[in-house]
Amino acid sequence: MATKIIITILILLAIISGGLGYYSYTLNQQIALLSESLSEQLFNLQVEQATQVAEMNEELGVIRAEITTQASRLEEEIGGTVNDIGALKTEISGTNTRIDTLENKVGTATAEISELVIDASEIYKNVRQAVVRISTGDRTIGSGFILDRDSHVVTAQHVVERLTDVYVITADGRVSRAIKVAGSTYSDVAVLTLEDKLNIAPPPVADSNKVNIGDPVATIGSPLDLPETLTTGIVSGANRFARIEYDTQFRWISNLIQFDAAVNYGNSGGLLVNSTGGVIGLVIARVNPGEGDGIYYAVSSNKLKRVATALITSGYYDYPWLGVEITDLSPRMVESRALDSANGVLVERPTPGSPAEAAGVKGGDIITAMDGVALKSVGDFTSYLGEYKSPGDKTRLTIIRGASRLEISVDIGKRS
């Protein structure tokens, strides 16, 4: 019995073992098939992913190319825009420069126009308070104007040189006595020192070297005892040297501005002003109506300043002197001497004992320049000497003597 049970058990175990082996075999086969399937699927998935990655890289390459192209185009467009902006800035800068140039031209033209047109009413309003009347104490005999705030008044020397008492009447009616008079006969300039402080602003003094023929001018004075009379005209000439008659006396005066604004007896000593109200001269004379009309003279402001300064500081003005009798060149002289032009002055003779004689200047010499400054006439000669030279200075004369051209240095003396 026991043996049968054991055999039965063994048979069952064999059956179970065979079943287990078969199941194991079958399971392994299924696992192998599954592994093969999974590997194939994994491979296919890798291939698919690789394909997709390749496609994505290709698309990215295209996108990069497009981006690069667009970036290049954008850079070109930006560069062109920058160039356009630069060109526009350059054009704007050029336009601004042209505008500035135009504004400067307009300003210059405006200034030139203002110099050609005189606002007489405005000038009269600004200058009249500085103009005074010169009186003997009983009647007005001339004009003058305030020179500075130190109680100095300038007038013509011939107006006051014979007076014992000199009074000044201002535009507002105040009267002051002159306590000191200093004058220069050969310049016809006098300075009065007043007893009272007037506290009146003096008019500006302009540079007479900048005066041009045709410039508008105005005068304010007291002609024929008519106070504060205004007349206007133009500059007719400059650097004149004229023989002026005062009563029965004659004087040669240099550094004169010629003008045509009407003046009469009583205008002497008044001011001559330009279009901006600057003093360019001191009125001193008119041509005798019997000889002509419309020709009047004023001592230039540069000469006036020089003489007035000396009169205030020293009480006198030493007039420079070379000691030569000179005349303008005539056409016959130009022809006979075979000269290139009539510019220059002829020395008729040096004054005996004069600086010119001592330096070797001779009669017949033709002086064409002084210190290198060309001379056209006697007026140029005397004006340069009077405005730029003083006794004790030296001057260099350029002289034609025969066929020779000489340079002669002369020590300037004092006119007695």
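Laboratory data are not the source of any read-out in this text; all were calculated from the coordinates shown. Please read these numbers as outputs of a predicted model, since none were measured by experiment. Positions of Cβ are backbone-derived with ideal geometry, glycine not excepted, and every protein chain shown enters the neighbour counts.
Side notes on the structure shown:
- For the pair region 182-198 / region 132-158, the C-alpha centres are spaced 8 Å from each other.
- Residue (of Gly270, Ala310, Ser404) at the positive-pole extreme of the chain, dipole from beta-carbon charges: Ala310
- Entries in Lys197/Lys414; Lys180/Lys414; Lys180/Lys389 that, when Cα-Cα distance is taken, lie over 30 Å: Lys197/Lys414
- Estimated FRET transfer efficiency (Asp150, Arg177; beta-carbon r; R0 25 Å; 0.05): 0.95
- Size of charge dipole - region 320-414 - debye, nearest 20, with Cβ of Lys, Arg +1 and Asp, Glu -1, no other charges: 160
- Nearest-20 debye value, the chain charge dipole, Cβ charges on Lys, Arg, Asp, Glu: 1980
- Gyration tensor verdict on region 122-314 (Cα atoms; rounded if a/c is under 1.5, prolate if a/b is larger than b/c, oblate otherwise): rounded
- GNM flexibility winner over the chain from Gly221, Gly270, Gly237 (Cα, springs under 10 Å): Gly237
- In sequence order, calculated HN-Hα J values of region 145-157 (Karplus, 6.51, -1.76, 1.60; Hz; x Gly/Pro): 8, 5, 8, 7, 8, 9, 6, 10, 10, 9, 8, 7, 4
- Model label points for Glu77 and Asn57, set 7 angstrom from Cα along the Cα-to-Cβ axis, are 3.3 nm apart.
- Here the spin labels are modelled as points 7 Å beyond Cα on the Cα-Cβ line, and at Arg396 and Thr26 they lie 14.1 nm apart.
- Answer label for Rg and Dmax of the Cα atoms in Å (calculated), chosen among [x] 24.2, 89; [y] 53.9, 198; [z] 21.9, 67: [y]
- Rounded if a/c under 1.5, otherwise prolate or oblate - region 154-251, Cα gyration tensor axes: oblate
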